[in-house]
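What follows is a single structure, written as structure tokens, with notes after it.
Where a number appears in this text, it was derived from the coordinates with a stated rule and is not lab data. Only a predicted model underlies this, so the values are computations on that prediction, with no experimental measurement involved. Using ideal geometry, Cβ is built from the backbone for each residue, glycine included, and neighbour counts are taken over all protein chains shown.
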Amino acid sequence: MKKKIGYWIFAAFFYLFRLFPRKKNKVFCVMTHDGSAGSSVGVVVEALKKRTDKYQYIYMKKEDRENAKTHVFKAFCSFFLVKAYHLATASYILMDNVFLPMAYLRFSKDVKVVQLWHGTGTIKKFGQDANVGEVKRLEKRANQNITHLVVNSEYTKKQYAGAFGIKEDCVYIWGLPRTDELFSEEVKNEKVSRFYQQYSQLKGKKLVLYAPTFRDQEVDNPRMMLDVEYLEGNTAKDIVYLIKLHPFVASHYKGKDTERCINVSSYDDINTLLFVSDMLITDYSSIIFEYCVLERPMIFYAYDLETFSQEGRGFYEDYVSYVPGKVVKKSEEVAAVINSNSFDYKKINSFKTNSFHFLDGHSMERFMQRIFKA
């Protein structure tokens, strides 16, 4: 109830500030999932800044919520006054997440509310397909403000329209601007070179990236289930394992780096890690939608598949037949798949073409032309 009262207060100030003239050059950025320059919204802002200096940018980030814990009055003024004012007077709203106060807001018809989301695709159900109760109701109301939801493919269009509870007419298959660099050899070479400057000892090694999804129960029991020590002892000596954990799990991870196992959880640029990796081990993470662009092998270490599918949010497709790689449940099986070096590249390619309508790396251009006419 406390949160809902906060939403009402925000809405009251919003409608008060709507009496002020709207600014044609103001862009309000909701970056509550990822506030970095490489995020779904961040890449658009950086690209727009390179094209023109006429826009003003206002940011709503998760740091704003963290600051509220220590600077209550300052945070109150910033959120309910400053942010509400800028949101009410913006002509463009770019989002990477659902902003629940918007359940009580409505915008002028010519305001563009653009949802870029933080995932390239999804295996797990989310939004209206997973939430229940008041959160589900508020999210659906908030999402009715969306004028443009940008996705990569026809498959994702139908999926996301349902998950956001909006009409398919509001979903546009332009390709997510954030994915463009996955198709750029120039960007790839630059990032790979920068990585090896930092990790020169890894040159000539075969790199295997382990990037598991975060599980809700890990809040109480954060741990890494893959037995990397076993993999080190039972796979080729030239293989080095890169460990990329969720920040919460990483903060509790006690494992120490070895010659063949390096914790890269603090490495900010996930695309760099994808570029340098010869193979990916994951489970239910949306990272597979980015990695499939590179058409490299994937192993799905789904040790808790039954529990996750029954007690979790569930999947949009049959997990085992849908994912582009072998599904295993034990570390010994992971090692066996690595050693077999037998992968279905046709399935990986099919997964890629199903996940991306455009494979040209020009999604940013399409986005800029249609949203900003730039």
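Building the convex hull from the alpha-carbon atoms of the chain and averaging its projection over directions returns 19.3 nm².
If you keep only loop residues by DSSP, which trypsin sites (Lys or Arg not before Pro) in segment 145-221 have at most 15 other Cβ atoms within 10 Å of their Cβ?
Values: sites: LYS157, LYS158, LYS167, ARG178, LYS188, LYS191, ARG194, LYS203, LYS205, LYS206, ARG215; in loops: LYS167, LYS203, LYS205, ARG215.
In loop regions of segment 145-221 (DSSP not H, G, I, E or B), the sparsely surrounded trypsin sites (Lys or Arg not before Pro) are LYS167, LYS203.
Helix 133-143 axis versus longest C-alpha principal axis of the chain: approximately 70°, rounded to the nearest ten. For segment 147-236, the C-alpha radius of gyration sits at 1.63 times the compact-globule guess of 2.2 N^0.38 Å, with N the residue count. Annotation: amide H-H contacts under 5 Å for HIS33 (H modelled 1.01 Å from N, sequence separation of 5 or more, or interchain): ASP96. Note on segment 182-355: Kirkwood hydrodynamic radius from all Cα pairs is 16.8 Å, rounded to one decimal. Using Cβ point charges alone (K and R +1, D and E -1), the dipole size of segment 291-354 about the Cα centre works out to roughly 280 debye.
Take the Cα radius of gyration of segment 91-201 and divide it by 2.2 N^0.38 Å, with N its residue count; two decimals is plenty.
1.31
Scalar couplings 3J(HN,Hα) for segment 253-265, obtained by applying the Karplus form with A = 6.51, B = -1.76, C = 1.60 to θ = phi - 60°, are 6, 9, x, 9, 5, 10, 4, 10, 8, 10, 7, 10, 4 Hz; x denotes Gly and Pro. Among beta bridges from DSSP that stay inside the chain, the antiparallel ones total about 5%. Between amide H atoms placed 1.01 Å from N, distances below 5 Å from VAL328 occur with PHE300, TYR301, ALA302, all of them 5 or more places distant or on a separate chain.
Of the Cα atoms belonging to segment 69-147, the radius of gyration and Dmax stand at 14.4, 41 Å. Each of PHE214, VAL27, GLN159 was placed along the dipole of the chain (beta-carbon charges, centred on the mean Cα), and the one lying farthest toward the positive end is VAL27. Going by amide H atoms built from the backbone, whose H comes under 5 Å of the H on ALA374, apart from near neighbours? Counting only residues 5 or more places away or on other chains, the set is GLN369. Along segment 237-249 the Karplus relation, 6.51 cos²θ - 1.76 cosθ + 1.60 evaluated at θ = phi - 60°, assigns HN-Hα couplings of 5, 8, 8, 10, 9, 9, 9, 10, 9, 4, x, 5, 5 Hz to successive residues, with x for each Gly and Pro. The share of Cα pairs per 10 Å bin across segment 1-155, counted from zero up to the longest distance, runs 10, 39, 38, 12, 1 percent. Quick one: work out Rg over Rh on the C-alpha atoms of segment 272-374, Rh as Kirkwood radius. With Rg and the Kirkwood Rh in hand, the quotient comes to 1.06.
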